[in-house]
Amino acid sequence: PGVSASPQPPGGVGFPAASLTNGDFASGDLSGWNTSGDSFSLFKGSDGRWRMTSYVLPKGDGVIGKLWQDFTVDSETRELRFSVFGGDAAVKLLRGSDTVRVTWGRRTNVPETPVRWFLTEYSGETLRLVIDDDKTDSWGYIGTTGIEFVREP
């Protein structure tokens with residue numbers, strides 16, 4: 001009583017820009033990513049960009065593992081963009097233990113499928129990006145490239 005509350009700023013105001021360490025795999029390795037399970041692999045495509053794949057010989061489709069990073073969505077970050085190729089394993093966006101976005105390959109390596117996930121509804125929240133390969137059957141892998149955030153112009 002007798003105390004007026006000042007309006008709270010929108011979520012994420014004043015936060016640093018959302019970012020991933022080595023999100024585009026440009027270092028040529030998996031530095032910055034947390035890992036579990038089998039090792040994933042990187043290769044450079046004909047366009048000169050690095051790609052991550054969970055198809056690694058000799059196991060091939062039998063590779064099982066995860067890569068993940070947490071990030072906080074600032075008020076100006078609008079989207080997370082990347083491309084996927086491969087099969088039935090997934091790229092997921094988690095909010096706590098809830099999956100809020102998920103995509104898979106289209107059982108092809110060419111063309112790569114562009115993905116755009118809008119993030120504005122999560123401003124001020126910490127999310128986890130997970131590349132999750134828990135598949136061992138045919139097309140049981142995933143690949144990705146070019147993970148980046150898009151901010152308001």
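The values are calculated or read from the model by the stated rules, or taken from the named source; none is laboratory data. Owing to the predicted nature of the structure, the values given are computational and were not obtained by experimental measurement. No Cβ is skipped: glycine too gets one built from the backbone with ideal geometry, and neighbour counts run over all protein chains shown. Ligands, DNA and RNA are excluded from the accessible area calculation, which covers all protein heavy atoms including side chains. Shrake-Rupley method; radii C 1.70, N 1.55, O 1.52, S 1.80 Å.
Structural remarks
- Selection status of Arg49, touching a strand residue (DSSP E or B) at 6+ places or on another chain (Cβ under 7 Å), in contact (Cβ under 8 Å) with a residue 24 or more places away in the chain and farther than 21 Å from Pro16 by Cβ: yes
- Pick from segment 88-124, criterion open to solvent by less than 40 Å² (accessible area, probe 1.4 Å) and of a type in the set (Phe, Trp, Tyr), ranking: nearest to Ser75 (Cα to Cα): Tyr122
- Among (1) open to solvent by less than 10 Å² (accessible area, probe 1.4 Å); (2) without any contact (Cβ under 8 Å) to a residue 40 or more places away in the chain; (3) not small (Gly, Ala, Ser), the one test that Leu80 misses: (2)
- Within segment 32-46, the set of residues being touching a residue at least 24 places away in the same chain (Cβ under 8 Å) and outside any strand (DSSP E or B) comprises Gly32, Trp33, Asp38, Ser39, Phe40, Gly45.
- Check on Lys44, loosely packed, with under 15 Cβ neighbours inside 10 Å, out of contact with any helix residue (DSSP H, G or I) (no Cβ under 8 Å at 6 or more places or on another chain) and among the basic types (Lys, Arg): yes
- Selected residue (criterion: most open to solvent (accessible area, probe 1.4 Å)) from residues of segment 47-61 that are closer than 16 Å to Tyr141 by Cβ, in a loop (DSSP other than H, G, I, E, B) and charged (D, E, K, R): Lys59
- Selected residue [more than 16 Å from Thr35 (Cα to Cα), in contact (Cβ under 8 Å) with a residue 12 or more places away in the chain and under 12 Å from the mean Cα position of the chain (by Cα)] from Val130, Val102: Val102
- Taken across segment 12-31, residues that are part of a strand (DSSP E or B) and either among the aliphatic types (A, V, I, L, M) or open to solvent by 80 Å² or more (accessible area, probe 1.4 Å) (or both) do not occur at all.
- Residues satisfying the stated conditions in segment 62-77, i.e. open to solvent by 50 Å² or more (accessible area, probe 1.4 Å), hydrophobic (A, V, I, L, M, F, W, C), part of a loop (DSSP other than H, G, I, E, B) and under 29 Å from Ser123 (Cβ atoms): none
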